[in-house]
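The values are calculated or read from the model by the stated rules, or taken from the named source; none is laboratory data. Note that the structure is predicted; figures quoted are calculated from it, not measured. A quick note on method: Cβ atoms are made from the backbone with ideal geometry, for glycine too, and the neighbour counts reach across all protein chains shown.
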Amino acid sequence: MSISHPSVPRATDEADWCRCALIELEDFRHELLSEARALRQAAAYQAESTGKRLRPTLLLCFALMGQAAPRPTHAVLRAAAAAEVLHEGSLIHDDILDNCPIRRDRPSLPERFGVSAASLLGAHVVLVALSVLADSCAAEGAALNAGLLRELCQAQIEESLSPHRDPMAQRRRWLRVIDGKTGSLFKLAAEVGAAFARPDECRRAAQRSAGPFTKHLALAFQLRDDLADLENDARLRKPGGSDLVRGLPTLPFQIWASSLPDPQLAWDQLVNCRNDAAAAEALRQHVICSGILHQIRGLIRAELDAARAVLTELPACPARAKLEELLRGITPEA
């Protein structure tokens, strides 16, 4: 598989450093994907995939915390690329389980190359990424937090279970799903990045902040995604109501259902929405008209405020400013 080499612009100011680093790490990302030599076409297709690159951004920010003029080393860039490839491997797995035909505005990998090829490539890139991340941590005298990967797997299992009869137990389960599926990779990226931070004072501060910051970020990010799905936000690369068509009891749905005189009716509606776009659209309109979305926006802002409070414990620098910018990008409109 041929690897393209994008032109890497020189950072012109403090705010530009992360954009340049994300462009530069694409070579490392392509290199990791190209190791799947027996699956060249599928790997090349995956290499063309775009995304928000949130996990490598987190790794870069925590690795360069405290630096006045951030400039990531090749080791940091390679680790950041591995964090993104690990995320991509998890998305391939999601698409197989959900029988999802579209990912990032084009046919998903299993849709394009079949489940067998997608399964093999997904497993391969996950192992390659984990190997790079483990080596990166070891080189910095740290250990890769394997417990986070167990949380990711457990969350995938819990997401597929039938809804719990007890609404509060179901709420706790879904929070674990969010923390495991979204939060675990956010935290893993931040923790690996913190291992690179220098001097020792910055590294300790980054390590203390990685877990609390990413926990609040993950919940705000997922709620924002759920809100966008309900509102059919054009910035989201899927049609509105996709979660309902899949029968997912997202947190906004659960909050809405619990506000009804008979919550079980809402859960019955959700079951009837699976693979039924018309039923999902009707339920989406019910949720929107209830006025519950104002409450969801308040929850998102509360989590973002908590994440900002964590950042005040970190030194003022371009990396911290980038994390603050990331939080502003998630903030919902009034």
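Please pick out the residue among H87, H30 that is surrounded by 21 or more Cβ atoms within 10 Å (Cβ to Cβ), farther than 19 Å from R203 by Cβ, touching a Lys or Arg at 6+ places or on another chain (Cβ under 8 Å) and not aliphatic (A, V, I, L, M).
H87
Kindly evaluate T57 against the criterion of being among the hydroxyl-bearing types (S, T, Y) and in a helix (DSSP H, G or I).
yes
Residues that are outside any helix (DSSP H, G or I) and either in contact with a Pro (Cβ under 9 Å, 6 or more places away or on another chain) or free of Cβ contacts under 8 Å to residues at least 24 places away in the same chain (or both): does the stretch 286-295 have at least one?
Checked against the condition, which is being outside any helix (DSSP H, G or I) and either in contact with a Pro (Cβ under 9 Å, 6 or more places away or on another chain) or free of Cβ contacts under 8 Å to residues at least 24 places away in the same chain (or both), the stretch 286-295 yields at least one hit.
If you check A118 against the conditions, is it assigned to a helix (DSSP H, G or I) and crowded, with 18+ Cβ neighbours inside 10 Å?
The answer is yes for A118.
From L188, L148, L144, which residue is among the hydrophobic types (A, V, I, L, M, F, W, C), in a loop (DSSP other than H, G, I, E, B) and within 15 Å of F62 (Cβ to Cβ)?
Result: L144 is the single residue among L188, L148, L144 that is among the hydrophobic types (A, V, I, L, M, F, W, C), in a loop (DSSP other than H, G, I, E, B) and within 15 Å of F62 (Cβ to Cβ).
If we keep just the residues of the stretch 162-180 that are without any contact (Cβ under 8 Å) to a residue 40 or more places away in the chain and part of a helix (DSSP H, G or I), which is nearest to the chain's Cα centre (by Cα)?
Step by step, filter the stretch 162-180, then rank; the result is G180.
Which residue is nearest to L327 (Cα to Cα), if the candidates are limited to the stretch 39-52 and must be surrounded by fewer than 20 Cβ atoms within 10 Å (Cβ to Cβ) and free of Cβ contacts under 8 Å to residues at least 60 places away in the same chain?
Only one residue tops the list, namely K52.
Which residues, taken from the stretch 1-35, are modelled with pLDDT under 90, closer than 25 Å to P110 by Cβ and not hydroxyl-bearing (S, T, Y)?
Matches in the stretch 1-35: M1, I3.
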